[in-house]
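Have a look at the structure below, then the notes.
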Amino acid sequence: MKILLIGYGAMNQRVARLAEEKNHEIVGVIDRTPKDSTPYKHYNRIVEAQDVADVVIDFSNPELLIPL
């Protein structure tokens, strides 16, 4: 499964590790404060990544969500 992460704090870092252990692919991260150590492609907006992921996992602030 191809996964897009919204937010890359402690919880999504753990999600990424567990997903990769199960042979899922992290296709990118949307994070308003991208970290240099993020090993994944960074997207600024979800519309930029909507065609690359099968699922989106969000551990960000609820105020940052857009209606899907």
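Things worth noting here:
- Taking the C-alpha atoms of the stretch 2-62, convex hull volume expressed per residue in Å³: 78
- Summed residue charge, Cβ within 14 Å of GLY9's Cβ, Lys/Arg positive, Asp/Glu negative: +2
- Charge tally for PHE59 (other residues, Cβ to Cβ under 11 Å; Lys, Arg +1; Asp, Glu -1): -1.
- Ranked by how many other beta carbons lie within 10 Å on average, peptides 21-32, 41-52, 1-12 from highest: 1-12, 21-32, 41-52
- The charge dipole of the chain, taken about its Cα centre with unit charges on the Cβ of Lys, Arg, Asp and Glu (plus for the first two, minus for the last two), comes to roughly 140 debye.
- Working from Cα pairs under 8 Å separated by at least six residues, relative contact order for the chain is 44 percent.
Read the figures in this text as sums done on the coordinates, not as results from a lab. Owing to the predicted nature of the structure, the values given are computational and were not obtained by experimental measurement. Virtual Cβ from ideal backbone geometry, glycine too; neighbours counted across all protein chains shown.
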